[in-house]
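The numbers here are math on the coordinates, done by the rules we state, and not lab data. Since we're looking at a predicted model, the values are computed, not measured. FYI the Cβ positions are ideal-geometry reconstructions off the backbone, even for glycines, and counts take in every protein chain you see.
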Amino acid sequence: MYHEQHAAAAVAPLSGFTVGVTAARRADELGALLQRRGATVLRAPALRIVPLADDGELLAATKELIDNAPDVVVATTAIGFRGWVEAADGWGHGEELLACLRGVELLARGPKVKGAIRAAGLTEAWSPTSESMAEVLDRLLDEGVADRRVALQLHGEPLPGFVEALRAGGAEVVVVPVYRWMPPEDLAPLDRLLDATVGRSLDAVTFTSAPAAASLFSRAEDRGVLPELLDALAHDVLPACVGPVTALPLQARGLDTVQPDRFRLGPLVQLLCLELPSRARTLPVAGRQVEIRGHAVLVDGDVRPVPPAGMSLLNALARRPGWVVSRADLLRALPGAGRDEHAVETAMARLRTALGVPNLIQTVVKRGYRLALDPAVDTKYADT
């Protein structure tokens, strides 16, 4: 018993699960956090960041603020704030912009933005502990924004709810678009992620920005697989978002998402460490604890990688635990197996080898196969 408990405790929480990463910024950081917890990671940037250093819209907004200083400036991302100052430098307006920002109430969304502000020789007036734009909005509205000019450095996408709330409170809002999201130049990784999601070979897809979710849906629509994508995300592949703003494009399509309480990468990964194992099927089979994960099985806490065909068979058996499943039904569960029931026998032999415990799956002569569910549990399932 001690050995079994010790082995189970040693298993990384995301071992046996495959997680898709749609992030463009900080994708390596998120991928590394997931891999350290045992996940297999499929990276596919759903968008790319295009700086607007030569963009007339950014130049016009910068000149407007220099000529008519706002009361408040909200800096939302470190990369965006740095890009803004660098662009102003390139146009010869760097010192004028910094002088303008020194005289206003400068709000920083989080610690990284705060660092960028201080690196520019400025000091923020306030920063929320949650790194949430909702908390920034609450502060502004509590202070009162009537007849105040508020400049908002956008972080890649418009923030309509934020801007509308300020305008409804009587503020004049100036948006500062420092960079934009565009579709990735190489669509092949995104297509692979789409295919993996639709094919249910992913257990979760992570989203760290609303534009990434919108871009994934747009690509699925272009390829004619949007209904299949939405069905997969609704039933089999967990959509995990870093925060409520990121979740909006998914919720607009009727999808439920999970989000951490703190809108950061670490809490997002910790949430997956709780959610994915809790969704795994655990059954007592032949005196063993068998936990069925995305591409692996835990047998008494030992991780056993299983090939895709074997996982298809095992999932088909686990849907009817203790019951005999015919070769014909198992053949239908095998992707691309055709009509030859010999493919079931071949895949079953490989599955048993992968599990390392041959008596977990019983052969029932002339009928098919069944999971060797423990007797007490077998009776319970037979009664339901």
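Ratio of Rg to Rh for region 44-96, alpha carbon only, Kirkwood? Don't skip to the answer; put the middle values down first.
Values: Rg = 12.4 Å, Rh = 12.2 Å.
The Rg/Rh ratio comes out at 1.02.
Let me know the shape class of region 59-146, please: from the alpha-carbon gyration tensor, a ≥ b ≥ c as square roots of the eigenvalues, rounded when a/c is under 1.5, otherwise prolate if a/b is greater than b/c, or oblate.
Oblate, since a/c reaches 1.5 and b/c is not below a/b.
Quick one: give the max-minus-min coordinate of the C-alpha atoms of region 252-384 along each principal axis, largest first, in Å.
55, 36, 30
Semi-axes of the equivalent ellipsoid for region 121-280, please: Cα gyration tensor eigenvalues, times 5, square-rooted, ordered largest first, whole Å.
So the three semi-axes of region 121-280 are 33, 19, 14 Å.
Between residue 221 and residue 28, what is the label-point separation in nm under the 7 Å Cα-to-beta-carbon projection?
Distance between the two pseudo-spin positions: 3.4 nm.
Which value in Å is the Kirkwood Rh of region 138-231 over different Cα pairs?
About 15.9 Å for region 138-231.
Please give the contour-minus-distance gain from residue 141 to residue 320: 0.36 nm per residue of separation, less the Cα-Cα distance, rounded to one decimal in nm.
On the way: separation 179, 0.36 × 179 = 64.44 nm, distance 5.55 nm.
In short, 58.9 nm is gained.
Beyond 23 Å, what percent of the Cα pairs of region 240-327 remain?
Counting pairs separated by more than 23 Å, the tail of P(r) holds 42 percent.
Would you mind checking which residues have amide H under 5 Å from residue 20's amide H? H placed 1.01 Å from N; only 5 or more apart, or other chain.
Residues meeting the criterion, in which the H sits 1.01 Å from N, are 42, 203, 204, 205, 206.
Hey, can you grab everything whose amide H is under 5 Å from the amide H of residue 173? Only 5+ residues off in sequence or another chain; H modelled, so Pro and N-termini drop out.
150
Report the Cα-based extents of region 1-138 along its three principal axes, largest first, to the nearest Å.
73, 30, 25
With each pseudo-label sitting 7 Å past Cα toward Cβ, what's the residue 270-residue 186 distance in nm, one decimal?
So the two model labels end up 3.5 nm from each other.
Once each part is reduced to its C-alpha centroid, what is the distance from region 261-315 to region 193-218 in angstrom?
Computed from Cα coordinates, the inter-centre distance equals 20 Å.
Can you give me the Kirkwood hydrodynamic radius for the chain, using every pair of distinct Cα atoms, in Å to one decimal?
23.8
Which three extents, in angstrom, do the Cα atoms of region 245-289 have along their principal axes, listed largest first?
Computed over the Cα atoms, the extents are 47, 26, 11 Å.
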